[in-house]
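Below you'll find the structure, written out as structure tokens, and then a few comments.
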Ligand code: ADP
Ligand code: MG
């Protein structure tokens, strides 16, 4: 029943202003994908286009092996068999939870339908409130009811637009885990969009990072965090610093943390100016390390403290340190970088490869 979604280089804009450009990805049957991007990056537009509320300017959308959209062609939303879940629940206020969930369920006899709806309600943990009205439920319960309603007609694809952003933080985390479980249990294929990376990490098999309407990377959570495709993904996902540095050879790079050695995320010519991604967990605090950095900012995070440290050359990095190590702002502490996989980005300047004869340097100029 649930299908593969193929989005082939779609673009969509309003009044000559491009909102999403050339977006391409495939979501396999049973997978949960999530687009992560700041407000205004085009996430809702993408979902509305997939659902059929907007037409594409170019590219194609395929659901379950059928083309549903291309330039000048659009299967209407109700014929796409796509379910949607929004942040504002959108339950019908004059219907009970039972009636809401049953709304889109057709082609079933009364008794069979009743059993089916009660089953759906028990999947989302709401069998006890079937006769209640939406206003009698908490926000979390309403969102569960909305999920049951979206899934009940067995859509080919479920789209979720910031489904947890109206809920408080604790509930959000809990519900995102539950929703993932429910979607997996029903073997549904789902695409969610959010600006919240914790939600994306909690929910998704695959994450797409979107900025200004362009898909920057489509990958699993581990790769998005540890191997961000470019500086903009690195800056948006997780915390960290991009330290300026210079490539010494194929495994070493020099920066404000000294010389780092490891395998590079992408090959870069010797002498190349790069930005190196340093995550807070890459900077280890060691009291007796000879390498010192000054604390310029600190944030208490319960088990850890996040320190912003100023290095001798003026650059700064973040360090996540267990909170029983309490230090003051202005204090110098010993640190040791621990970076085995070095994620670096060429700074787009002309740089020089290793060369035998200084007179021939110009021949070896390459763009990194
Ligand atoms: P997000 O969901 O990531 O916050 P949206 O898709 O809602 O982003 O919006 C992306 C951009 O498209 C914004 O600049 C927004 O102003 C513009 N936009 C969205 N819908 C319309 C519309 N119907 N008409 C004109 N501009 C729109
Ligand atoms: Mg939106």
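The values are calculated or read from the model by the stated rules, or taken from the named source; none is laboratory data. Remember, predicted model here, so these are calculated numbers, not experimental data. Neighbour counts run over all protein chains shown; Cβ positions are idealised from the backbone, glycine included.
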* **Members of the stretch 35-60 found to be buried (at least 23 other Cβ atoms within 10 Å of the Cβ) and away from ligand 1 (no atom under 13 Å from the Cβ), listed by number** => 56
* With the checklist (1) surrounded by 16 or more Cβ atoms within 10 Å (Cβ to Cβ); (2) within 15 Å of ligand 1 (Cβ to nearest atom) in hand, flag the one item residue 31 doesn't pass. => (2)
* Structure fact -> Conditions (1) within 29 Å of residue 199 (Cα to Cα); (2) away from ligand 2 (no atom under 16 Å from the Cβ); (3) touching a helix residue (DSSP H, G or I) at 6+ places or on another chain (Cβ under 8 Å) -> residue 29 fails only (3)
* Asked: Give me the pairs: first residue in the stretch 297-322 and in contact (Cβ under 8 Å) with a residue 60 or more places away in the chain, second residue loosely packed, with under 12 Cβ neighbours inside 10 Å and outside any loop (DSSP other than H, G, I, E, B), beta-carbon distance under 9 Å, and six or more apart or on different chains, which are they?
  -> 306/299; 306/300
* Could you list, in sequence order, the residues of the stretch 15-24 that are surrounded by fewer than 16 Cβ atoms within 10 Å (Cβ to Cβ) and either outside any loop (DSSP other than H, G, I, E, B) or under 15 Å from the mean Cα position of the chain (by Cα) (or both)? -> 17, 18, 22, 24
* Asked: Residue check: is residue 198 modelled with pLDDT under 95, under 14 Å from the mean Cα position of the chain (by Cα) and over 19 Å from residue 47 (Cβ atoms)?
  -> yes
* Being touching a helix residue (DSSP H, G or I) at 6+ places or on another chain (Cβ under 7 Å) and within 16 Å of ligand 2 (Cβ to nearest atom), is that true of even one residue in the stretch 55-78? -> no
* Output the number of the condition that residue 84 fails; it satisfies all remaining conditions of (1) surrounded by fewer than 20 Cβ atoms within 10 Å (Cβ to Cβ); (2) part of a strand (DSSP E or B); (3) within 16 Å of ligand 2 (Cβ to nearest atom). => (1)
